[in-house]
Amino acid sequence: MEKELGLYVCLCSEGMVKRALRSPEGETELGDITIGDALIDFSELNFENYAKILDVIKQYDEETEIVGAENFGQVDMDCFDRMKDLTWQLVAALEEEMPVSGTLLRTMLEDNVPQDDGSAWYVYEAKAKITDCLEAVMRFQMALNHILSLLAQGEQIHPNDFPFLKEMSVTQIVRYDGRITTQYHFRAEADYLRFLLMHFLSEKPRVAFCHCCGRFFIPKTKKKTLYCDRVLRDGKTCKDLAPHLKHKRAAGNETVIREFDRAKQRMYRRYERTDGIKSESDKDLTYSQYYAWLDAATKARDRFLRGEITEAEALQIIIVP
């Protein structure tokens, strides 16, 4: 029997996962990765271009409804068709650039967007489902970064504080060929990532915040570790460079990293107030505005840490009124 499209995952020892992607192009074995590394890699993805397209799709969503009491229940089908076309163009682009994300967005849309029954109600339901599917990974990334920040501060994660962690639906495939093997089949990327996060948290993980580059990492030992193994500059890691930084430079690092984290929290709260929908207030943010700031601020932080710009130049970009 031919496999359904989607991501197939096996849990291995020491927090490793094996993955295989069944896409429209066929089946591909993906590299093994630890659960922690998979989550931290996802937490650092840049969604700026994705968010720009989503903003346009959400604009089509709003314009599909014809305003005015006399037009109650009427929809602009040309606008709705443009919304659908742009959505599937996004899927195709993702499938080429990021096959896992593209395939799982395709399958999520297939599973959640209703079939056209010719009614206006179909349009209302379909456009809502489309935007829900497109927003899912960004919502998860924001929640994940919040959870990683709490863990890095030594706080406990309580499931009641994060209802989305309490349960989920996943297809479990059990095979026997002399021994029992179990695969988990996912047709939505947010479900796959939530599955990983559940397992990650169940192991009571240690997460640290690098005092040199300002990124999260998983310490390799129980000993307190201030610096990660990422390459910062000239082939040297944060762990290599940090002890040799001059005191003034180290103080500058702390300032830039601290202000980046504070600004990120402020900008997220501004975004969160409107749920990614622009309103009349200059303080509110759309998806693309939030991610445009995040991309510029991250680059400024990294350029400062590499010694390419001054502390003042970095803070001018990072701190917003």
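The values are calculated or read from the model by the stated rules, or taken from the named source; none is laboratory data. The structure presented is a predicted model; accordingly, all values stated were derived computationally and were not measured. Here the Cβ is made from the backbone with ideal geometry for all residues, glycine too, and neighbour counts use every protein chain on show. Heads up: the accessible areas ignore ligands, DNA and RNA and are worked out on the full protein's heavy atoms, side chains in. Shrake-Rupley method; radii C 1.70, N 1.55, O 1.52, S 1.80 Å.
How high is the FRET efficiency between A120 and D41 when r is their beta carbon distance and R₀ equals 35 Å, given to the nearest 0.05?
Taking R0 as 35 Å, the efficiency between A120 and D41 is 0.25.
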Helix runs (DSSP H) in the chain reaching 15 Å along axis by Cα, Kyte-Doolittle at least 0.5: 120-152, 189-202
With a 1.4 Å probe and every protein chain left in place, tell me how much accessible area T107 has, in Å² to the nearest 10. 0 Å²
Full extension between C10 and Y176 adds, at 0.36 nm per residue less the Cα distance, a length in nm of 58.3 nm
Select one label from [x] 68, 64, 38; [y] 71, 55, 36; [z] 99, 98, 26: the one whose number is Cα extents along the principal axes in Å as derived from the coordinates shown. [x]
Computed lengthening from L226 to D85, 0.36 nm per intervening residue step minus Cα-Cα distance: 46.0 nm
Before rounding to the nearest 500, sum -39500 (n - 2.57) across all DSSP H runs of length at least 4 in the chain and divide by the residue total; then give [θ] at 222 nm in deg cm²/dmol. -17500 deg cm²/dmol
Carbon-plus-sulfur fraction of the accessible area of the chain, 1.4 Å probe, in percent? 50 percent
Contour minus Cα-Cα span, T28 to H158, at 0.36 nm per residue, comes to 43.2 nm
Report the label-to-label distance for T255 and M168 in nanometres (one decimal), using points 7 Å from each Cα along the Cα→Cβ vector. 4.1 nm
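Send over a whole-number figure in Å² for the accessible area per residue of the chain, probe 1.4 Å.
Details: 17900 Å² over 321 residues.
Averaged over the residues of the chain, the accessible area is 56 Å².
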